[in-house]
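The values are calculated or read from the model by the stated rules, or taken from the named source; none is laboratory data. For clarity, every value in this text was computed on a predicted model and none was experimentally measured. Because the Cβ atoms are built from the backbone with ideal geometry, glycine has one as well, and the counts that use them run over all protein chains shown. SASA here: full protein model, heavy atoms, side chains in, ligands and nucleic acids out. Shrake-Rupley method; radii C 1.70, N 1.55, O 1.52, S 1.80 Å.
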Amino acid sequence: MKSSKPVLVLIHAFPLSSGMWDLQKKALGRKVRVLTPDLPGFGREKPLKNVTIARMALHVSDYLDKLRIKEPV
């Protein structure tokens, strides 16, 4: 989905979930489109076996692809 606002992706800290960004998402939402995915094994996401930083990055990339985000974030 194309938006007129810039896209900001916030990645949560270990071992939290995307909920850690709720206040920031609300505060920044008028200026930017704030996306806060859950990483595998946290929040609403099922865990992966053999998790690596590369696999977490791929998870975020897939998330952006599903949302049809093509512009830089």
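Assorted remarks:
- Pair list, Cβ < 6 Å and 6+ apart or interchain, from segment 8-33 residues that are under 21 Å from residue 57 (Cβ atoms) to residues that are in a helix (DSSP H, G or I) and among the polar types (S, T, N, Q): 12/18
- Scanning segment 13-67 for residues that are polar (S, T, N, Q) and part of a loop (DSSP other than H, G, I, E, B), we see that the one that is modelled with the lowest pLDDT is 50.
- When residue 71 is tested against (1) acidic (Asp, Glu); (2) open to solvent by 70 Å² or more (accessible area, probe 1.4 Å); (3) part of a loop (DSSP other than H, G, I, E, B), only condition (2) is not met.
- Among (1) of a type in the set (S, T, N, Q); (2) surrounded by 12 or more Cβ atoms within 10 Å (Cβ to Cβ); (3) in a loop (DSSP other than H, G, I, E, B) - the single one residue 4 does not satisfy: (2)
- Residue match in segment 8-25 (condition: open to solvent by 60 Å² or more (accessible area, probe 1.4 Å), among the β-branched types (Val, Ile, Thr) and more than 20 Å from residue 67 (Cα to Cα)): no
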